[in-house]
Amino acid sequence: MYTVRIPKVINFGKNALGETEYPKNALVVTTVPPELSDKWLAKMGIKDYMLYDQVKPEPSIDDVNAVISQFKDKNPSTLIGLGGGSSMDVVKYAAPEMKKEKILIPTTFGTGAEMTTYCVLKFDGKKKLLREDRFLADMAVVDSYFMDGTPEQVIKNSVCDACAQATEGYDSKLGNDFTRTLCKQAFEILYDAIMNNKPENYPYGSMLSGIGFGNCSTTLGHALSYVFSNEGVPHGYSLSSCTTVAHKHNNSIFYDRFKEAMKKLGFDKLDLKADVSVAADTVMTDRGHLDPNPIPVSKEDIIKCLQDIKSGNL
């Protein structure tokens with residue numbers, strides 16, 4: 001038996017922000033500064049709400065506890081996570097603790113976090129990836145409103161992340177016919193948008209990717225990417241080469257088109273400061289991504305992938 005989990009309600013498309021009805025006495029949780037959050041709240045048309053805008057980037061369980069302690073007695077009707085992954089992850093954890101429903105509204109795209117049961121928080125200073133059904137949104141609102149004014153490099157990194165999630169999710173051993181259908185359709189939309197200059201379609205492709213990979217997993221490309229991320233390379237940028245090389249290793253049906261899309265986006269070659277063998281040892285500990293990979297991976301395979309990335313042999 002296969003199980004697929006998605007939010008109860010998904011509002012998406014142009015003007016989804018303004019056409020959605022929001023509960024009264026909601027608590028909006030965000031990292032967005034006032035000059036931006038005011039614009040978002042006005043676009044949403046939300047009237048009766050409380051605001052908490054002190055969530056830190058890469059939040060910890062302390063951020064969750066701060067929200068709960070400050071607002072539990074005020075009894076908000078719903079928690080609304082407005083922003084990137086940080087805001088949404090805090091709401092994913094805090095809402096069920098407060099026995100409240102949650103609405104997730106991404107102000108970026110690429111992670112598909114508004115669609116998944118994943119939650120990333122720091123505990124004792126260390127990031128921890130959690131996956132529980134209670135983290136799933138009751139409603140997700142996806143609107144391309146945020147695209148205006150977003151720096152081009154951020155958009156490029158984000159769409160690369162979405163492409164990697166979709167294609168790795170399709171190849172994952174944990175997938176099924178339903179998730180593969182979503183992942184394949186997501187990549188088709190993203191590929192067309194990249195190659196034919198239709199960035200307004202990126203959020204929709206990312207949304208489908210989030211539903212797809214969120215119900216299976218990503219694989220080798222993501223495992224490879226974290227050693228570059230540890231050296232400060234943006235996640236999406238690292239995936240441009242890492243997922244390309246992973247698709248070559250896996251003989252993926254997406255290899256040629258993924259590589260073509262990354263070339264169109266114009267990513268530079270990656271460098272790795274760490275010793276390749278040491279980096280490979282780090283990658284090999286990432287069983288969450290390597291075990292679902294369609295082809296078994298040895299340390300020697302990882303070393304070859306990293307060497308190919310460094311030399312630009314994609």
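Of the residues in segment 262-269, at least one is at pLDDT below 95 and either under 19 Å from the mean Cα position of the chain (by Cα) or among the charged types (D, E, K, R) (or both). Suppose the filter is within 23 Å of Q153 (Cα to Cα), in contact with an Asp or Glu (Cβ under 8 Å, 6 or more places away or on another chain), part of a helix (DSSP H, G or I) and of a type in the set (A, V, I, L, M, F, W, C); does L272 pass it? So L272 fails the test. Only a single item in (1) polar (S, T, N, Q); (2) within 18 Å of the chain's Cα centre (by Cα); (3) farther than 18 Å from V154 by Cβ; (4) modelled with pLDDT of 95 or more is not met by N230, and it is number (4). Inside segment 89-143, residues that are surrounded by fewer than 20 Cβ atoms within 10 Å (Cβ to Cβ), touching a Lys or Arg at 6+ places or on another chain (Cβ under 8 Å) and either aromatic (F, W, Y) or within 30 Å of P199 (Cα to Cα) (or both) make up a count of 3.
Filtering segment 254-265 to residues that are farther than 17 Å from R180 by Cα and either surrounded by 21 or more Cβ atoms within 10 Å (Cβ to Cβ) or of a type in the set (A, V, I, L, M, F, W, C) (or both) leaves A261, M262, L265.
The values are calculated or read from the model by the stated rules, or taken from the named source; none is laboratory data. Only a predicted model underlies this, so the values are computations on that prediction, with no experimental measurement involved. Cβ atoms come from the backbone with ideal geometry, glycine included; neighbour counts cover every protein chain shown.
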